[in-house]
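Participant: Below is one structure. I have some questions about it.
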Amino acid sequence: IAEPAFLTVGGDLTNSGEIGQLRRYREAVNSLCTPVFSMFGGHDGAEECFTSWPYGDISKTGHYEQIMGPAWYSFDWGGWHFVMYPNQEECFSSTDRRHLRQWLEQDLSQQASDRPIIMTTHSDEIATVGDLVSRYNVVLILFGHWHSSKVILRDGRIEACTPPPAGGGNDASPRGYRVVNVDH
């Protein structure tokens, strides 16, 4: 049985991002003994997409931020730096996309060059920040958007997709989670 120091969850915490769904998710993770670091995913802004038609250039993270906190952030644990980077750009206004990239560049640039960085994203689409990921010591990217189990070695870093704990993977993999052991 895994006894992790903490959990990271890469978005899609809810089906549609309704306030009640987000509250129930928050109550569930707050009841755990293990700290949970959650991040925004597209499903968590779906209701805002539907109620803000036509979409316009606005972010769809209001409900998430009201209940869960910031849509992006980072933290340090055991000599490692962890970045929670919600890379579903269609959910953010052009201004917020700029702010998100500026924040990421500043956050990564403040890390010592030998400090390993683990990034949790929603999907494996990192083209818009690939230059930053390559420039800094990002050794692992965790994502789940594709609901499958795969591990890829790309440009010297590991990228790992994990099927969700509810429902399993689109590739017929069982429900899952990924245990990552890191050393100081």
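Participant: Report every pair of residues separated by at least 6 positions or lying on different chains whose Cβ atoms are under 8 Å apart, first residue within the stretch 71-94 and within 13 Å of Lys60 (Cα to Cα) and among the charged types (D, E, K, R), second open to solvent by less than 30 Å² (accessible area, probe 1.4 Å) and modelled with pLDDT under 95.
Facilitator: As it stands, the answer is Glu90/Gly42, since those pairs meet every condition given.
Participant: Also, quick follow-up: Test Asp124 against the stated conditions and say whether it is among the acidic types (Asp, Glu), under 26 Å from Asp44 (Cα atoms), open to solvent by less than 50 Å² (accessible area, probe 1.4 Å) and at pLDDT below 90.
Facilitator: Values: among the acidic types (Asp, Glu): yes; under 26 Å from Asp44 (Cα atoms): yes; open to solvent by less than 50 Å² (accessible area, probe 1.4 Å): yes; at pLDDT below 90: yes.
Taking the combined requirement at face value, the residue satisfies it.
To keep it simple, each residue is scored yes or no on (1) in contact with a Gly (Cβ under 8 Å, 6 or more places away or on another chain); (2) without any contact (Cβ under 8 Å) to a residue 24 or more places away in the chain.
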residue	(1), (2)
Ala112	no, yes
Arg115	yes, no
Asp124	no, no
Val129	no, no
Ser134	no, yes
Val138	no, no
Leu142	yes, no
Ser149	yes, no
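Participant: Follow-up. Select the strands (runs of 3 or more DSSP E) contained entirely in the stretch 1-108, then report the ones holding at least 3 residues which are open to solvent by 20 Å² or more (accessible area, probe 1.4 Å) and at pLDDT 95 or above. Give the steps one after another, and end with the answer.
Facilitator: Details: elements: 7-9, 36-38, 73-77, 80-85.
Per the criteria, 73-77.
Participant: Scan the stretch 138-179 for residues that are in a loop (DSSP other than H, G, I, E, B), open to solvent by 50 Å² or more (accessible area, probe 1.4 Å) and on the phi < 0 side of the Ramachandran plot and jot them down. So that I can check it myself, show each step before the final result.
Facilitator: Going through the stretch 138-179, the residues in a loop (DSSP other than H, G, I, E, B) turn out to be 144-149, 155-156, 162-179.
When the remaining residues are screened for being open to solvent by 50 Å² or more (accessible area, probe 1.4 Å), the result is 145-147, 149, 155-156, 165-167, 170-172, 174-175, 177-179.
Matches in the stretch 138-179: His145, Trp146, Ser149, Pro165, Ala166, Asn170, Asp171, Pro174, Arg175, Tyr177, Arg178, Val179.
Participant: Can you confirm whether Val182 is of a type in the set (A, V, I, L, M), outside any strand (DSSP E or B) and surrounded by fewer than 18 Cβ atoms within 10 Å (Cβ to Cβ)?
Facilitator: Values: of a type in the set (A, V, I, L, M): yes; outside any strand (DSSP E or B): yes; surrounded by fewer than 18 Cβ atoms within 10 Å (Cβ to Cβ): yes.
Taking the combined requirement at face value, the residue satisfies it.
Participant: Right, next: How about the stretch 1-31: which of its residues are over 19 Å from the mean Cα position of the chain (by Cα) and closer than 19 Å to Ser74 by Cα?
Facilitator: none
The values are calculated or read from the model by the stated rules, or taken from the named source; none is laboratory data. This structure is a prediction, so every number in the text was calculated from the model and none was measured. We place every Cβ from the backbone using ideal geometry, glycine too, and count neighbours over all the protein chains shown. We work out accessible area using only protein heavy atoms, side chains counted, and drop any ligands, DNA or RNA first. Shrake-Rupley method; radii C 1.70, N 1.55, O 1.52, S 1.80 Å.
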